[in-house]
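Colleague: Structure in structure tokens, see below.
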Amino acid sequence: MKIIFRLAAAGIVLTAGCSSHTSTAAPTSPSITFQSGMTPGMSGQAMPGMSGIQSPPASASATPADSPAPQGATAVAITDFKFNPATLTVPVGATVTWTNNDEEPHTIAAKDGSFHSPGMDTHGTYSFTFTTTGSYDYICSIHPFMTGTVVVTK
């Protein structure tokens, strides 16, 4: 009986000693890229039988809000309650696509009424093809302080 008691006591002391151990190393957290439609913690991991699924490269991030649009671009990003670029010049026949990168819904509404999107949730898109030259001012009808212009040239 004394042996069992001593072993039990030694186990308690050993356990207490282990739980009082503190590490001086800073805790680290893994780098995770979360994509819409993925389960948190599963980013970049393939499930059995699901080959070819990969996370996007780091270079696939959205254009910063203050960067000019690349020459010939037909995309407008909605980020931080701003249209980027605020003014976009495209040739007649170009299709412009707006993408909502905010967590709030937005719309695209031409001030002259020539086009109007439905509400777009996060990652939602709206496209419109410009068939006539001119300058088209637009707003987000939910947030009218958000303004942009598409200039259509020959």
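Colleague: Just checking, how many residues over region 76-94 are under 23 Å from the mean Cα position of the chain (by Cα) and open to solvent by less than 60 Å² (accessible area, probe 1.4 Å)?
Modeller: Residues meeting the conditions: 9.
Colleague: If only one of Ala73, Ala109 is open to solvent by less than 30 Å² (accessible area, probe 1.4 Å), more than 18 Å from the chain's Cα centre (by Cα) and modelled with pLDDT under 95, which one is it?
Modeller: On the way: Ala109 fails: modelled with pLDDT under 95.
That would be Ala73, the only listed residue that is open to solvent by less than 30 Å² (accessible area, probe 1.4 Å), more than 18 Å from the chain's Cα centre (by Cα) and modelled with pLDDT under 95.
Colleague: Would you check if there is a residue in region 129-145 being closer than 14 Å to Leu88 by Cα, outside any strand (DSSP E or B) and open to solvent by 40 Å² or more (accessible area, probe 1.4 Å)?
Modeller: yes
Colleague: Shifting gears a bit: Could you list, in sequence order, all residues of region 112-128 that are open to solvent by 30 Å² or more (accessible area, probe 1.4 Å) and either at pLDDT below 95 or over 23 Å from the mean Cα position of the chain (by Cα) (or both)? Break it down into steps so the answer makes sense when it comes.
Modeller: In the first step, residues of region 112-128 are kept if they are open to solvent by 30 Å² or more (accessible area, probe 1.4 Å); the result is 112-114, 116, 118-119, 121-123, 125-128.
Selection gives Asp112, Gly113, Ser114, His116.
The values are calculated or read from the model by the stated rules, or taken from the named source; none is laboratory data. Given the structure is predicted, the values throughout are model-derived calculations rather than measurements. Each accessible area value is taken on the protein alone, full model and side chains, heavy atoms only, with ligands, DNA and RNA left out. Shrake-Rupley method; radii C 1.70, N 1.55, O 1.52, S 1.80 Å.
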